[in-house]
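Everything below concerns the one structure shown next.
The values are calculated or read from the model by the stated rules, or taken from the named source; none is laboratory data. This one's a predicted model, so the numbers in the text were calculated from it and none came from an experiment. Methodologically, a virtual Cβ is constructed for each residue, glycine included, from the backbone with ideal geometry; neighbour enumeration extends over all protein chains shown. Just so you know, the surface numbers come from the protein's heavy atoms only, side chains and all, with ligands and any DNA or RNA stripped out. Shrake-Rupley method; radii C 1.70, N 1.55, O 1.52, S 1.80 Å.
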Amino acid sequence: MSEKKQRKRVAVLFGGCSSEHEVSLQSAHAVITHIDTEAYELVMIGISKDGKWYLYQGDPANIPGGAWLDAKDCIPVAVSPDKGLHGILLLKQEGVEEFPLDGALPILHGKNGEDGTVQGVLELAGIPLVGCNTMSSAVCMDKEAAHRLVKECGVKVPASYTVTEDGMDDFPKVRRWAKELGYPLFVKPMRAGSSFGITKVAWEGELQAAVEHAFAYDSCVIIEETIDGFEVGCAILGTEELIVGAVDEIELSQGFFDYTEKYTLKSSSIHVPARISPQKAKEIQDTAVKIYRGLGCSDFARVDMFLTPQGDIYFNEVNTIPGFTSHSRYPNMMKEIGISFEGLLGRLLSKI
């Protein structure tokens, strides 16, 4: 058997039909260009904004800008429901061709990629999945469900209320909830990432527009109290035995860590390690592990929390597929403890 055939065939999924499509392209490009192709046969599967799946056979350099979606480089594909194949079907003009996979690493962010939908498709097909499973992905994406479970684990969570589209018929009740939480507060889509649709509301006059804006991203909206303090994060790697990365800290000079700040850092800075005592960093790491275990996470995830001036730790969210460029928070937290970007990918793929 040739050396090439001995390599494990791994699919990296990118793109997706979510508001975070472009973010996924950046992350996936970094992953694709850092995978050890002597150990793994790389299969690039792009998902268009309208949900079409393609085997991409072109230059990875075309992925970040979106130029990958070109007919000459793409073959339409579908995931095969046959667990015996554990792979995809190439929908060629001359007929259907079976294409088995040894594993898949979704680098998809937000809805229809990070929320358990794609994970469920892969699991039904019998394709080994790198990352959190269907249930964990779905729970972590749902802010209300995640907060309820984390609270049961003994971790503090912000007070909040959930608003459905039907609830807009009784907006005075929403105003009462907001008044009870106190201003300023945050209005967020229930299931979205990269801070899409999130508004910091300073007073009642901004509330309705903020809720309507959040409904553009999901059918449920959460209004949440503001936690005084700053955001800290913790990268975790593994399933049974865990490797816990350094704690990082987001320093804001104004506003909040919205989409623009996450990808430009115009008025904010990220400190790795966080500028806190070793004892507090250890407490945050222990809390992150408790959350990771409590939500059934596996392989990798980034746990985000708030640290108050009084030293209290509050849960914010879990990113089951965090940003994955070489300068993103998750890889940098692992780099701080001596795991390179290439080494990180090697550890993730070693489970296949």
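If you take the charge dipole of the chain about its Cα centre, with +1 on Lys and Arg Cβ and -1 on Asp and Glu Cβ, which of Gly338, Thr199, Leu295 is farthest toward its positive end?
Result: Gly338, furthest along the dipole toward the positive end.
Please enumerate, by chain and number, the lysines with C-alpha under 17 Å from the C-alpha of Lys280, excluding those fewer than 8 residues away in the same chain.
Of all the lysines, those that pass the test against Lys280 - Cα under 17 Å, at least 8 places apart if same chain - are Lys156, Lys290.
Where in the chain is the longest stretch that carries no trypsin sites (Lys or Arg not before Pro) classed as loop by DSSP and with at most 15 other Cβ atoms within 10 Å? Don't skip to the answer; put the middle values down first.
On the way: sites that count: Lys49, Lys52, Lys72, Lys83, Lys266, Arg275, Lys351.
Free of exposed loop sites, the longest segment is 84-265.
With label points built 7 Å along Cα→Cβ from the Cα atoms of Asp169 and Ser350, find their separation and express it in nm.
If labels sit at Asp169 and Ser350, their model points lie 5.7 nm apart.
Which of the residue pairs Lys151/Lys282; Lys188/Lys282; Lys111/Lys200; Lys111/Lys282 have a Cα-Cα distance greater than 24 Å in the structure shown? Walk me through the intermediate numbers first.
Working: Lys151/Lys282 20 Å; Lys188/Lys282 30 Å; Lys111/Lys200 22 Å; Lys111/Lys282 32 Å.
Too far apart for the 24 Å limit: Lys188/Lys282; Lys111/Lys282.
Calculated FRET efficiency, Ser219 and Glu180, Cβ-Cβ r, R0 25 Å, to nearest 0.05?
E(calc), rounded to 0.05, equals 0.60.
Compute the accessible area per residue over segment 164-238, keeping the other protein chains in place, probe 1.4 Å, unit Å².
43 Å²
Before I look further, what does segment 275-352 give for accessible area per residue, probe 1.4 Å, in whole square angstrom? Don't jump to the answer; show the numbers that get you there.
Working: 3120 Å² over 78 residues.
It amounts to 40 Å² per residue over segment 275-352.
Can you give the calculated 222 nm mean residue ellipticity of the chain, where each DSSP H run of n ≥ 4 adds -39,500 (n - 2.57) and the sum is split over every residue, rounded to the nearest 500 deg cm²/dmol?
Computed ellipticity for the chain at 222 nm equals -8000 deg cm²/dmol.
Which value, in debye to the nearest 20, describes the size of the charge dipole of the chain about its Cα centre when Lys and Arg Cβ atoms bear +1, Asp and Glu Cβ atoms bear -1, and nothing else is charged?
Roughly 440 debye for the chain.
By how many nm would the segment from Arg7 to His271 lengthen if fully extended, with 0.36 nm per residue of separation less the alpha-carbon distance?
Length gained between Arg7 and His271: 91.2 nm.
Taking all protein chains as present, what is the carbon and sulfur share of the accessible area of the chain, in % to the nearest whole number, probe 1.4 Å?
50 percent
Quick one: which residues, 5+ away or cross-chain, put their amide H under 5 Å from the amide H of Ala159? H built at 1.01 Å from N.
Long-range HN contacts for Ala159: Glu225.
What are the ³J(HN,Hα) couplings of segment 20-26, residue after residue, when phi is run through the Karplus curve with 6.51, -1.76, 1.60 and θ = phi - 60°? Round to Hz, x for glycine and proline.
9, 3, 5, 5, 4, 4, 5
In segment 192-254, which chymotrypsin sites (Phe, Trp or Tyr not before Pro) fall in coil by DSSP and have 10 or fewer other Cβ atoms within 10 Å?
Numbers: sites: Phe196, Trp203, Phe215, Tyr217, Phe230; in loops: Phe196, Trp203, Tyr217.
When the chymotrypsin sites (Phe, Trp or Tyr not before Pro) of segment 192-254 are filtered for loop state and at most 10 Cβ neighbours within 10 Å, Trp203 remain.
Loop only per DSSP, at most 11 neighbouring Cβ atoms within 10 Å: give me the GluC sites (Glu not before Pro) in segment 1-82, ordered by residue number.
Listed in order of number, the matching sites are Glu38.
Work through the residues other than Asn332 whose Cβ is under 11 Å from its Cβ and net out their charges, Lys, Arg +1 and Asp, Glu -1.
Around Asn332, the surrounding residues sum to +1.
Taking the Cα centre of segment 129-214 as origin, work out the dipole magnitude from +1 charges on Lys and Arg Cβ and -1 charges on Asp and Glu Cβ, in debye rounded to 20. Walk me through the numbers on the way to the answer.
On the way: 11 positive and 11 negative charges, 78 e Å.
Around 380 debye, computed over segment 129-214.
For Gln208 and Glu38, compute 0.36 nm times the residue count separating them, minus their Cα-Cα distance, and round to one decimal in nm.
55.7 nm
Roughly how compact is the chain, stated as its Cα Rg over 2.2 N^0.38 Å to two decimals?
Working: Rg = 20.7 Å, N = 352, 2.2 N^0.38 = 20.4 Å.
Cα-based Rg divided by the globular estimate yields 1.02.
Probe of 1.4 angstrom, ligands and nucleic acids ignored: what's the accessible area per residue over segment 25-109, in square angstrom?
With all protein chains present, segment 25-109 gives 46 Å² per residue.
If you average the alpha carbon positions of segment 128-146 and of segment 202-241, how far apart do those two centres end up, in angstrom?
Between the Cα centres of segment 128-146 and segment 202-241 lies a distance of 17 Å.
Relative to the longest principal axis of the C-alpha atoms of the chain, give the angle of the C-alpha long axis of helix 171-181, reported between 0 and 90° and rounded to the nearest 10°.
Tilt of helix 171-181: around 80 degrees.
For Asp299, list long-range residues whose amide hydrogen, built 1.01 Å from N in the peptide plane, is under 5 Å from its own amide hydrogen.
Correct list: Gly238, Thr239.
Count the net charge of all other residues whose Cβ sits under 15 Å from the Cβ of Gly58, scoring Lys and Arg as +1 and Asp and Glu as -1.
-2
How high is the relative contact order of the chain, in percent, with contacts defined as C-alpha pairs under 8 Å that are six or more residues apart?
Computed value for the chain: 17 percent relative contact order.
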